[in-house]
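Report on the following structure.
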Amino acid sequence: MRVKNKFKESFIVHCNAGGRLFPLVVGCLLFLHLFSFAHQRNARSGETRLNTNQRTQFSILEKVEEENIQLPQPRKRSARAAKRKPKRSTTFIDEFLDESSQLRHVFFPDQRTAVDSRKDNGNDTYYFHPGRIWLDTEGNPIQAHGGGILYDSRTKMYYWYGEYKDGPTYHAHKKGAARVDVIGVSCYSSIDLWTWKNEGIVLAAEEKKETHDLYKLNVLERPKVIHNEKTGKYVMWMHIDDANYTKASVGVAISNLPTGPFNYLYSKRPHGYDSRDMTLFKDDDGVAYLIYSSEHNKDLHIGPLNEEYIEVTESMRKILIGQHREAPALFKHQGTYYMITSGCTSWSPNEALAHASESIMGPWETIGNPCIGGNKIFRLTTFFAQGTFVVPLSGVPGLFIFMADRWNPADLKDSRYVWLPLTVGRPLDHRPEYSFGLPLWSRVSIYWHKKWRLPYR
């Protein structure tokens, strides 16, 4: 009898506590929902202010532009060949990778359509043409693949760093991926993001010393540069590997000037993990972060750098665990962090995904495919390209440039650049799984255009 009374008393206490907690929990959820709604409304109001000032040109960038591309008729085969080995249906990706495809000119337009800032382009001045050959101020194709952009407030210039691939494409062994020997990291400068001057190789390969990280038969990919205001140094991080991709490390170099030369410091596996595709992100408070694909591209890792930006700290988080994403490109808008990633399909294009987080260290939530326009296969292949960087544009809230590479594994030096407008601010197409409606992420949208220009041009 005593036990029963004690149980009853305990039950009443818990019920009363639950009764008091229930309104509190509901109130907290309501507050968070209203906060998220207000945040999204503020984002929309910012967009409204932009539309009031630059409505016409900005709305053109958000216009959905479609593509009508048809697969060519299959080549005729003899009855004997067809019986011996039935041929599977050809896909657009097959055509993209086929040097002799009838659609080759669609993916890789020839020299006659090159974007050349030296010429009088008339109404085409300042227009980006995704996929076309892009010439520098000396008339040579720009060689800055897998790169990123640094805006330097001291020189008031943009600097574009990337892989210089102006060499022959070959395979190191029968099953090896297509490659070009390391030549170095290139740098181009511009005041308008359209006219680019070649500043030369700012970090050169090592020609003779085979044990050096930068030896020409090794791998140097995805260089990114940030400026450290405290030390005055320009700091470059990059993916360093051997020809078999077993070293899986990051490399670090520094310079006193954005145009180099950069002094190579060392390579290492950050936090003791393998590192392949990587990028840097410098936050508003000056803290810089390294983000890299790890554990054989199964996860992404993220962690802050030290004050000098030349070493990782002990802090690290694993994000997008088990999702097999690479080519991360981070940016920030109205206090929210966003990231575009690629799937892992070697040189073949695949579907981009956008992710969002209220904290750069996570948790990160996948919010869908950001690509809009073209056609279904364009959207499922990131417009036959792979992202590498997102460029913030000052004075145009909610507008960014999505930088991507259209890889040409048959001739890597002829890989092309796909730069497209990226906007933030519209509602999501579908509510993310497990979000419970909180927070209300804004949609990241990358719009396909055959040609486009910035709204303030």
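The figures follow:
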| item | result |
| --- | --- |
| Per residue value of the accessible surface for the stretch 329-452 (all protein chains in place, 1.4 Å probe), Å² | 32 Å² |
| Percent carbon-and-sulfur accessible area, the stretch 365-409, ignoring ligands, DNA and RNA, probe 1.4 Å | 64 percent |
| 9 Å beta-carbon shell around K318, net charge (K/R +1, D/E -1) | -1 |
| Karplus (6.51, -1.76, 1.60) ³J(HN,Hα), θ = phi - 60°, over the stretch 380-392, in Hz, Gly and Pro reported as x | 7, 10, 6, 6, 6, 8, 9, x, 9, 6, 10, 9, x |
| Formal net charge of residues neighbouring E307 (Cβ-Cβ distance under 15 Å; K, R +1; D, E -1) | -3 |
| The stretch 123-276 shape via C-alpha gyration tensor axes, a/c threshold 1.5 | oblate |
| Members of K119/K376; K119/K332; K156/K450; K175/K208; K175/K209 lying beyond 31 Å, as alpha-carbon distances in this model show | K119/K376; K119/K332 |
| Euclidean distance of C-alpha centroids, the stretch 100-126 and the stretch 311-364, integer Å | 32 Å |
| The stretch 91-143: trypsin sites (Lys or Arg not before Pro) falling in loop per DSSP and having at most 15 other Cβ within 10 Å | R118, K119 |
| Accessible-area composition of the stretch 202-343, carbon plus sulfur, in percent [1.4 Å probe] | 47 percent |
| Accessible surface, the stretch 167-326, averaged per residue in Å² (probe 1.4 Å) | 43 Å² |
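The values are calculated or read from the model by the stated rules, or taken from the named source; none is laboratory data. Note that this is a predicted model, so its numbers are computed, not measured. In this analysis, Cβ positions are derived from the backbone assuming ideal geometry, glycine residues included, and neighbour counts consider all displayed protein chains. Just so you know, the surface numbers come from the protein's heavy atoms only, side chains and all, with ligands and any DNA or RNA stripped out. Shrake-Rupley method; radii C 1.70, N 1.55, O 1.52, S 1.80 Å.
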